[in-house]
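K.L.:
Structure below; questions to follow.
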Amino acid sequence: LVGIALAEQGLRMPDFRAAERTFQLLTQVAGRAGRGERPGHVLVQTLAPDHPAIVSALRHDHTGFVQAEMKNRELGGYPPFSHLALIEGRSLAAADSHNALRRIADDLRRRGGVEVRGPLPAGVSKVRNVFRFHVLLRCTDRDILHGALRYLQADLLPGLPANVRAMVDVDPTEFT
């Protein structure tokens, strides 16, 4: 017997992969039931029983989930239909980090070629008294995105205030 409580919890993460991760986790956990001689049972408690990730996982419908997920990603412009880069700014003062990333985002918007989102507080916006903000870059052409990142590295990051640190994550796997 396997019990899964709050099965929809992962769907609340601010990440375009949330449904995929939820589907994967539910499928893996449910696969632990019934491995012996006796058939197993899976009990799922959720507030989102109609969500495609949950329905597909419970039906063991991998193909249906992938088809639906790919359609959603194409409509939303997410990988594999686009390329992403995440810029994270960190500082002991929230305003300093936010303002530095705002200037970077505004400059990249004026330059054009890539979609710029943010700055917004990171999913976990404060860690050990350090404030974190994100700017997300998205582009359907990897070469154009890389050109924007070269410009960022050469012209924008060197001008950051000394108390602000920035990191760039190409093809980020998490947004926390």
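K.L.:
Which one of Arg110, Arg102, Arg38 has the biggest mean-square fluctuation once the chain is modelled by GNM with Cα springs under 10 Å?
P.N.:
Comparing Arg110, Arg102, Arg38 in the GNM, the peak value goes to Arg38.
K.L.:
Report relative contact order for the chain in percent, whole number only (criteria: Cα-Cα under 8 Å, sequence separation at least 6).
P.N.:
In percent, rounded to a whole number, it is 22.
K.L.:
Right, next: Return a whole-number percent for the relative contact order of the stretch 49-150, with Cα pairs under 8 Å and 6 or more residues apart as the contact set.
P.N.:
28 percent.
K.L.:
By the gyration tensor of its Cα atoms, with a ≥ b ≥ c the square roots of the eigenvalues, what is the shape of the chain: rounded for a/c under 1.5, prolate for a/b over b/c, or oblate?
P.N.:
Verdict is prolate for the chain.
K.L.:
For the stretch 12-100, what relative contact order do you get, as a whole percent, if you take Cα pairs closer than 8 Å and at least 6 residues apart?
P.N.:
22 percent
K.L.:
In nm, give the distance between the simple-model label positions of Leu43 and Thr173, each being 7 Å from the Cα along the Cα-to-Cβ direction.
P.N.:
In this crude spin-label approximation the distance works out to 3.4 nm.
K.L.:
Given the protein chains as shown and a 1.4 Å probe, how many square angstrom of Asp50 are accessible, to the nearest 10?
P.N.:
Looks like 130 Å² after rounding.
K.L.:
Something else: From the Cα gyration tensor of the stretch 121-175, with a ≥ b ≥ c the square roots of its eigenvalues, which class applies: rounded if a/c is under 1.5, or else prolate if a/b is larger than b/c, or else oblate?
P.N.:
Because a/c hits 1.5 or more and a/b fails to exceed b/c, the stretch 121-175 counts as oblate.
The values are calculated or read from the model by the stated rules, or taken from the named source; none is laboratory data. As the structure is a computational prediction, the values presented were derived from the model and not from experiment. Positions of Cβ are generated from backbone atoms using ideal geometry, with glycine treated the same way; all protein chains shown enter the neighbour counts. Keep in mind that these areas ignore ligands, DNA and RNA; they rest on the heavy atoms of the full protein, side chains included. Shrake-Rupley method; radii C 1.70, N 1.55, O 1.52, S 1.80 Å.
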